[in-house]
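Encoded as structure tokens, the structure appears first; notes follow it.
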């Protein structure tokens, strides 16, 4: 039984050097072998003439022996360096940190605190999947603070994620978290040794099963919480994207240029752009296949990919703001996109090729309801859901929102009717945009500060601008053209609510209640007492 959280140092997958960069080495070796084959054929059937390959030149010059010796020495050096890099790259998990050591000549040591973990991503590139390997990345709050473990066995990566999340959740008593991998121990499900003659067949069956298995275990989350991406909706969102408008404009421009000049030669210059356009669509399409988002005991699990797969778990309390948007071209179909702000960034791209902050590339209203219930579980009562939907769909002022006054149309020509805010128990909601609709939700416990700005022109119109400060990301929770009196009230109410919510929030230690240690009752503070 293997337990990675024993505080001891562990090594990565033995094929890590090959999976990291050894494929290039294999390609070079293949070129050398092909050249040697040509030389062997030349020796048997006579000279071919006119050949200028380096190995052919060495053969004809009588230096082939020295060349082969140099190649062998280089191969030995490369193998030794790869072996040493694997031996010196170790990691360990304690009750407080994830720590990695690496480097042969220059040693590196990187630590990530468990209480600052923002998510864990497991990527399985197609080549690595053939060997049953996966790349695990622990996203830690901070700039360039992530911990990467590439590569581990596929089962070890899943087990390690469970153990890290268990420790980060606040659980102090370890349950039976380590699982025995029968193929690693060389035994079948009954615990009997696998016959040597069947070992290869067993390994092939295991690889095929991993390649064909769904990205997400069907028993991991309740079916009602799972959101998948409709194939037709995915294709439609790609065709109705801003990039498609750029392609159409490019085609129109090229057609005009051909008609004006009567020459097709300049099309050669835009050929790479045309090829890149096709690659863009194919990449986004394949990456978004088998997309799913579901709720698990340790947070929201997002997975996608066909050949190369990726799945990431976002623990509770790690989402700092949520934004639901609807481009104009999507409005007739009722499609929406959801993004989030997080305190960390992942090197892995999200579904459809966007940054990993896009957790729902495209979905209908039912999909939006499910995703919001997963990422904001405290905002699931009927009245709150109804208010959020009104904020998304309503064209003008709606019940529950404090909207901008009519005089704000000086700044907001088309959207002043939709511009407004609402205060919910535990969150602030901002709505704006008549052409590109946006609804931004910021949990009070995740707020860092709130700001109010009023320039000379805004002051003359009795207007002000508001901004709720969170971690950096694609979402900027701000609102312009707010009545100055309402802005002052918003500023005070949000400041008090943020102080209170952050002081009593325990979502970042979501399993701390499972700890058997008694917890002393704590009196709920009030904003006045906190100010004192």
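The values are calculated or read from the model by the stated rules, or taken from the named source; none is laboratory data. Only a predicted model underlies this, so the values are computations on that prediction, with no experimental measurement involved. We place every Cβ from the backbone using ideal geometry, glycine too, and count neighbours over all the protein chains shown.
Quick look at the numbers
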read-out	value
Hits in the range 353-372 (condition: free of Cβ contacts under 8 Å to residues at least 60 places away in the same chain and either surrounded by fewer than 16 Cβ atoms within 10 Å (Cβ to Cβ) or more than 30 Å from residue 278 (Cα to Cα) (or both))	365, 366, 369
Residue 414 vs. criteria farther than 22 Å from residue 229 by Cα and out of contact with any strand residue (DSSP E or B) (no Cβ under 8 Å at 6 or more places or on another chain)	yes
Enumerated helices (runs of 4 or more DSSP H) restricted to the range 197-315, each holding at least 1 residues that are at pLDDT 75 or above and not assigned by TED's automatic domain parsing to the domain that holds residue 364	231-239, 242-261, 271-288
Which listed residue is over 30 Å from residue 378 (Cα atoms) and surrounded by 10 or more Cβ atoms within 10 Å (Cβ to Cβ), from 253, 299, 295	253
Any hit, the range 99-107, residues being surrounded by fewer than 16 Cβ atoms within 10 Å (Cβ to Cβ) and assigned to a strand (DSSP E or B)	yes
Scan of the range 378-408 for residues that are outside any helix (DSSP H, G or I), touching a strand residue (DSSP E or B) at 6+ places or on another chain (Cβ under 8 Å) and under 28 Å from residue 300 (Cβ atoms), ordered by number	378, 379, 400, 401
Number of positions in the range 451-475 that are surrounded by fewer than 16 Cβ atoms within 10 Å (Cβ to Cβ) and within 15 Å of residue 429 (Cβ to Cβ)	0
